[in-house]
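Here's the structure we're looking at; comments come further down.
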Amino acid sequence: MEKVDCIIAGAGVVGLAIARGMAKLGLDTLILEAADAIGTGTSSRNSEVIHAGIYYPPGSLKARLCVEGRSMLYRYCAEHSIPHRRCGKLIVATQVTQEPVLESIRDNAGACGVDDLRLLSAAEAQALEPALHCTAALLSPSTGIIDSHALMLALLGEAEERGAVLSLNTRIASGRIEAGHIVLETTDTTNGGVFQIATPRLINAAGLEAVALAGSLEGFDRQLLPNQHYAKGNYFSAARRAPFSRLIYPVPGPGGLGVHLTLDLNGVARFGPDVEWTEVLDYRVDPARGEAFYGAIRKYWPDLADGSLQPAYSGIRPKLSGPGEANRDFVIQDAKAHGIGGLVNLFGIESPGLTSSLAIAEHVAKILTAAD
């Protein structure tokens, strides 16, 4: 049986950030990924936004790790020449009755340590974005966009430079806890080959599969598994270039931040996500869902032409809250919760997981080094 110092389950942006951190500590690190490439799940199926840390409950992991992670991520992008842009965003009220929500968002952001939001009148917002319709807006200058794949390649490169190894097409079939180690049985998805590997440290960053992976470990108390829900978000793109230089977000709605306008680094607009609760990993986008997008978008961009939206892509978020429930925080579960030394489970790592990735990695490293 092979043994390594540390195993990371999942080669998404969070798993790769953790692998980099573990390798920098001098640990022999192995990254196991079931797919045939890195970052094929939630990490590459999102808005690629660097969030400021505005909406989350003060004191929550999401709030703290987003604010810390945002600063770390901008610095990392600058140091490693990762394409990104601090373009800013406007959160818009499209009717007077929504304006108190903007004030509550600003107050909440301040309690989370985000102190650069500025309340704008309609005229001030439209001076920045002439095509915008609103009655008032919040300007978030520290919001940005990033090339998420370039980020993941940089994280992987750094991890590998320090000796980490990536094993693609490798699915963890089951595991057991024995003699201070976690023994995993893995399957090569290309040829069906099975092998076992043992480690004193397992970081479960398997994203959509994280709950299932933890549940497959013999000796793990399944009563500690959270209920996980799949929230599919569909995105549509515009046939012509949108006349905006900043991201445009409506005030938040149930289950998400509403159908917002984001930009890629080439200036192409994307709209979404909506919220479609599902039980299967099906990434096809139903073109008919685009009809509901027109009304939502025209509240802040009234000149959107009929027939100008086309299906782009979709992503699925591993949410710990279901329909009609309040959003739940990240769950980073360690031995204090489950009693298994060296095991860290990351559950419900949805937005702002990308922004928080480096801070999450630092948080996990502190957990494991404290245990050592």
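The values are calculated or read from the model by the stated rules, or taken from the named source; none is laboratory data. The model shown is predicted, which means the values in this text are computed figures rather than measured ones. Every residue, glycine as well, gets a Cβ built from its backbone with ideal geometry; the counts of neighbours run over all protein chains shown.
Things worth noting here:
- Single residue of Leu261, Leu304, Leu257, Leu309 found to be farther than 26 Å from Ile105 by Cβ and in the same structural domain as Gln95 (by TED's automatic domain parsing): Leu309
- Those strands (runs of 3 or more DSSP E) of segment 209-299 in which 3 or more residues are surrounded by 20 or more Cβ atoms within 10 Å (Cβ to Cβ) and touching a residue at least 60 places away in the same chain (Cβ under 8 Å) occupy 229-238, 247-250, 260-263.
- Failed condition for Val165, given (1) under 28 Å from the mean Cα position of the chain (by Cα); (2) of a type in the set (Val, Ile, Thr); (3) crowded, with 17+ Cβ neighbours inside 10 Å: (3)
- Neighbours by Cβ (under 6 Å, 6+ apart or cross-chain): first from segment 34-59, on the phi > 0 side of the Ramachandran plot; second in a helix (DSSP H, G or I) and among the polar types (S, T, N, Q): Glu48/Ser148
- Close contacts from segment 303-332, counting a first residue that is surrounded by fewer than 16 Cβ atoms within 10 Å (Cβ to Cβ) and a second that is in a strand (DSSP E or B) and among the acidic types (Asp, Glu), with Cβ to Cβ under 6 Å and a gap of 6+ residues or different chains, come to none at all.
- Residue match in segment 38-48 (condition: within 22 Å of Thr369 (Cβ to Cβ) and aliphatic (A, V, I, L, M)): no
- Qualifying residue in segment 31-39 (condition: surrounded by fewer than 17 Cβ atoms within 10 Å (Cβ to Cβ) and assigned to a strand (DSSP E or B)): no
- Taking the conditions (1) modelled with pLDDT of 95 or more; (2) within 23 Å of the chain's Cα centre (by Cα) in turn, Pro287 satisfies each one other than (2).
- Looking only at segment 103-160, and only at residues there that are hydroxyl-bearing (Ser, Thr, Tyr) and over 30 Å from Ile8 (Cα atoms), the one that is nearest to the chain's Cα centre (by Cα): Ser142
- Among the residues making up segment 76-98, those that are in contact (Cβ under 8 Å) with a residue 12 or more places away in the chain and either more than 23 Å from Asp303 (Cβ to Cβ) or surrounded by fewer than 14 Cβ atoms within 10 Å (Cβ to Cβ) (or both) are Tyr76, Cys77, His80, Ile82, Pro83, His84, Arg85, Arg86, Gln95, Val96.
- Ala127 touching a strand residue (DSSP E or B) at 6+ places or on another chain (Cβ under 9 Å) and either modelled with pLDDT of 95 or more or surrounded by 14 or more Cβ atoms within 10 Å (Cβ to Cβ) (or both): yes
- Qualifying residue in segment 148-166 (condition: of a type in the set (Gly, Ala, Ser) and closer than 30 Å to Leu102 by Cα): yes
- Selected residue (criterion: surrounded by the most Cβ atoms within 10 Å (Cβ to Cβ)) from residues of segment 1-30 that are in a loop (DSSP other than H, G, I, E, B) and either touching a strand residue (DSSP E or B) at 6+ places or on another chain (Cβ under 6 Å) or among the β-branched types (Val, Ile, Thr) (or both): Ala11
- Residue check for Glu160: in contact with a Lys or Arg (Cβ under 8 Å, 6 or more places away or on another chain), buried (at least 16 other Cβ atoms within 10 Å of the Cβ) and modelled with pLDDT of 95 or more: no
- Residue within segment 357-369 that is surrounded by fewer than 18 Cβ atoms within 10 Å (Cβ to Cβ), over 21 Å from the mean Cα position of the chain (by Cα) and outside any helix (DSSP H, G or I) present: no
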